[in-house]
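Just so you know, all these numbers are worked out from the coordinates, no wet-lab data involved. Given the structure is predicted, the values throughout are model-derived calculations rather than measurements. Backbone-built Cβ (ideal geometry, glycine too); neighbour counts: all protein chains shown.
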Amino acid sequence: MAFHSQQASDSTFFVESDEPRQRMNMRDAAKMLARNRQEMIANELSRLASDEYLEDIMQHMRHMEDETLPDANLIDMQREIQWFMRPYLIDFLIEAHAAFSLLPETLFLTVNLLDRYCSKRVVYKQHYQLVGCAALLIAAKYGDKKDRVPQINELNNMCCGLYDAGMFTQMEMHVLNTLDWNIGHPTVDFFTQLIVTEEGDSREVEHMAAYICEIALYHRDFVSTKPSIMARSSLALARAILGAPEINDGEWDHTENVTLLALSQHLHQPSVTLSRKYANPYYSGVSRKLTDFLQHQAAIARREPPTPPCEPTMSSNSNNVYSTPHKGVGSVPGVADGYMTPPITPDGACFGQSNGMMKEYHQLPPRCPVTPSPQPTHAPVYQHQHMATHSYFEPGAHAAY
């Protein structure tokens, strides 16, 4: 997969421009004021309607949340797609999302469509990035502004011309048909905005929660986590990191406690691409604040003397009851065990080009074994090949699980 583009190398996606802005003439200023007034009226009408239909809206969102939740156990059954490939694709999607200035919920909807498709169809690794681009196109057309929807030629340039233009359209239709055109999904950003509005959290807490939720996109542990649970857990963790007062919004069940603990264990090594994005002052520089918080906690842990062990109640080889399970109950035996993303540089000439810093970042050997991917003997894995488009993505070509 060609996760690198010429635009991505200059690291300008997340940097504010210093170029002087052109002054707006009176006619354009009047149009903007009228448009802002229309938005204010529309928002007020929406608020009045939401107060009356809020219970019905939330009931529908809870139903859609269950209906559109991907299954990580089914993604484990993929023959070529492995979890160590996921961070490279998420990095690419985050850079493309920032390059086109899309809405925050568009990114979460993109990953949801990607995971739902991978839960139902066999995906070859040379098509993995193509599925991500198709999901980005669908998500942008569904909920974003029309003038910001990516063009196929722009996505093709970001993919280094790896695919034909017709392949994007064909994959887009195949994703829609596979999902029965059921695109609507209440994203974690939707539930976060509801909680922030109700509890009155600061912008800094909101940005830190968004940063934590995007960190979760990289890991298998959270693929099948409900967005409402993710939103509540990330906000609670963000308040703790920033020293904001805790909010007593009801009792927490076991799933929310496990999610909160799992999130706290994945904050230590975020993606370089994502960290650069949230270092921007627009996002309150929360990536630097998270790094400072973790360094402070590590310094405290080094100064504290070790706690004497309590009387043992379990055998030494028993499992840690606080560890986050890597596979859910009812998973299929004999397939990939869904290990955490190990720091392995994939094979192929184009796969790891998206960020040179990622190679320096992934220097430690993997903690867990990885299921090897089959390697063809006649050509490189990610070499662009000309293939007949009618045989790629037809619903009958690859059986659904």
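Taking the Cβ of residue 279 as the center, what net charge do the other residues with Cβ under 10 Å away carry, scoring Lys and Arg +1 and Asp and Glu -1?
+4
Lys and Arg at +1, Asp and Glu at -1: add these up for the other residues within a Cβ distance under 10 Å of residue 105 and post the number.
-2
Among 282-290, 250-258, 143-151, how do they line up by average Cβ neighbours within 10 Å per residue, starting with the highest?
Result, highest mean Cβ count within 10 Å first: 282-290, 143-151, 250-258.
Assuming a ≥ b ≥ c are the square roots of the Cα gyration tensor eigenvalues, decide whether segment 188-303 counts as rounded (a/c under 1.5), prolate (otherwise, with a/b larger than b/c) or oblate.
Rounded, since a/c falls under 1.5.
May I ask for the net charge around residue 147, where only other residues with Cβ less than 14 Å from the Cβ of residue 147 are counted and Lys, Arg are +1 while Asp, Glu are -1?
+3
How high is the FRET efficiency from residue 34 to residue 193, r the C-beta distance, R0 22 Å, rounded to 0.05?
It comes to 0.30.
How far is it, in nm, from the label point at residue 288 to the one at residue 157 when both lie 7 Å from their Cα along the line to the Cβ?
My value for the distance between the label points is 3.2 nm.
With a ≥ b ≥ c taken as the square roots of the eigenvalues of the C-alpha gyration tensor of segment 26-115, please select rounded if a/c is under 1.5 and otherwise prolate if a/b is larger than b/c or oblate if it is not?
Note, shape of segment 26-115 comes out oblate.
Could you give the length gained by full extension between residue 265 and residue 299, i.e. 0.36 nm per residue of separation minus their alpha carbon distance, to one decimal place?
10.5 nm
Which of the three applies to segment 106-211, rounded, prolate or oblate, going by the alpha-carbon gyration tensor with a ≥ b ≥ c and a/c under 1.5 meaning rounded?
Prolate, because a/c is 1.5 or more and a/b exceeds b/c.
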